[in-house]
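Notes for the one structure printed next.
The values are calculated or read from the model by the stated rules, or taken from the named source; none is laboratory data. The model shown is predicted, which means the values in this text are computed figures rather than measured ones. Note that each Cβ is placed from the backbone with ideal geometry, even for glycine, and that neighbours are counted across all protein chains shown.
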Ligand SMILES: Cc1cc2nc3c(=O)[nH]c(=O)nc-3n(C[C@H](O)[C@H](O)[C@H](O)COP(=O)(O)OP(=O)(O)OC[C@H]3O[C@@H](n4cnc5c(N)ncnc54)[C@H](O)[C@@H]3O)c2cc1C
């Protein structure tokens, strides 16, 4: 009997010990080397024949790559290879970054999250990457090491298209830096899948808000969407409506309409584009109403 997926092709394996070694290998093998950390994307794609690297470079044991540290001044630093369960149970993340916990916990299942990393989720650059919405909303900087030294890329400039990101040849992600959220911040991530757990998003929405006297409404909001455009996106049009205010059901509805208009989904096995568009409005509105309720409670 012939198996549909007969296993992995042959490959060479290097467990890198220094960033310089990784950069050197990437430059030497521009077309046939692949980095991996948790391997939950890489090995599935290799098994399916969608990726055929000759060389796999394991970067998760590089110094600092699994570290999670926090300083109120500089924010949260997450090593690119920190696994998702380590992030979600970290006391500082639980205290200051509940939106990140929500988005990390939305990925697949607990066992998978023991291997899967946030760095890998971002570098996979899938439009439906759950943690990308938190990175966009919390205005993370993605720090890469490369031939010209370290480079910090704003999350908003990192995603270029399905599977495409802003890393240059020889560069690799070492850390995700997330600033301390603004005072009074409240956030919410909502994902719609075909089932409650373990599925990729049909559509997802994240919203966050905080008091800001310089905004006519007295608040600034941020809105991000997943799985409804070639990349995860922020929706400045919705954010502008909420900054103008006043914040009420009508403005939340108008902002959700703006999110719906910004979405450019496709039909695929998970859902039709039409359904996705409709769900963008529902999810965005729900996230905004919940964030607004949290802000009012705190205020
Ligand atoms: C059953 C299953 C369910 C899943 N469900 C979800 C889900 O619900 N939501 C979701 O968002 N994802 C889901 N995924 C996708 C996957 O688990 C995540 O994207 C995961 O976070 C990837 O992390 P990783 O460490 O395993 O990445 P890896 O597989 O190690 O790498 C991912 C990509 O990043 C590249 N890469 C690795 N390290 C680096 C680096 N340091 N610098 C630059 N590039 C690098 C790799 O070459 C590869 O292209 C699922 C996967 C499976 C198998």
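Of the residues 40, 66, the single one that is out of contact with any helix residue (DSSP H, G or I) (no Cβ under 6 Å at 6 or more places or on another chain), farther than 27 Å from residue 210 by Cβ and at pLDDT 95 or above is 66. Restricting 16, 106, 80 to those that are over 26 Å from residue 224 (Cβ atoms), within 13 Å of the ligand (Cβ to nearest atom) and in contact with a helix residue (DSSP H, G or I) (Cβ under 6 Å, 6 or more places away or on another chain) reduces the list to 16. Considering every residue within the range 179-199, establish whether at least one is at negative phi, surrounded by fewer than 19 Cβ atoms within 10 Å (Cβ to Cβ), in contact with a strand residue (DSSP E or B) (Cβ under 8 Å, 6 or more places away or on another chain) and assigned to a strand (DSSP E or B). No: the range 179-199 contains no residue that is at negative phi, surrounded by fewer than 19 Cβ atoms within 10 Å (Cβ to Cβ), in contact with a strand residue (DSSP E or B) (Cβ under 8 Å, 6 or more places away or on another chain) and assigned to a strand (DSSP E or B).
In the list 135, 125, 166, 116, which residue meets the criterion of being farther than 20 Å from residue 57 by Cβ and either at pLDDT 95 or above or assigned by TED's automatic domain parsing to the domain that holds residue 221 (or both)? First the steps, then the outcome.
Values: 125 fails: farther than 20 Å from residue 57 by Cβ; 166 fails: farther than 20 Å from residue 57 by Cβ; 116 fails: farther than 20 Å from residue 57 by Cβ.
Sole residue among the options that is farther than 20 Å from residue 57 by Cβ and either at pLDDT 95 or above or assigned by TED's automatic domain parsing to the domain that holds residue 221 (or both): 135.
Residue 196 passes every criterion in (1) more than 10 Å from the ligand (Cβ to nearest atom); (2) modelled with pLDDT under 95; (3) in contact with a helix residue (DSSP H, G or I) (Cβ under 7 Å, 6 or more places away or on another chain) apart from (3).
Among the residues of the range 114-170, the one identified as over 14 Å from the mean Cα position of the chain (by Cα), touching a residue at least 40 places away in the same chain (Cβ under 8 Å) and more than 12 Å from the ligand (Cβ to nearest atom) is 147. Confirm whether residue 47 is touching a residue at least 24 places away in the same chain (Cβ under 8 Å) and at negative phi. When the stated conditions are applied, residue 47 passes them.
Yes or no: the range 208-222 includes at least one residue that is in the same structural domain as residue 265 (by TED's automatic domain parsing), touching a helix residue (DSSP H, G or I) at 6+ places or on another chain (Cβ under 6 Å) and within 13 Å of the ligand (Cβ to nearest atom). Taking every residue of the range 208-222 in turn, none turns out to be in the same structural domain as residue 265 (by TED's automatic domain parsing), touching a helix residue (DSSP H, G or I) at 6+ places or on another chain (Cβ under 6 Å) and within 13 Å of the ligand (Cβ to nearest atom). Out of the residues in the range 255-274 meeting the condition of being at pLDDT 95 or above and surrounded by fewer than 17 Cβ atoms within 10 Å (Cβ to Cβ), tell me which one is nearest to residue 230 (Cα to Cα). Checking each candidate, the answer is 264.
When you check residue 277 against the structure, is it touching a strand residue (DSSP E or B) at 6+ places or on another chain (Cβ under 9 Å), over 17 Å from residue 137 (Cβ atoms), in a helix (DSSP H, G or I) and modelled with pLDDT of 95 or more, yes or no? Yes, satisfied.
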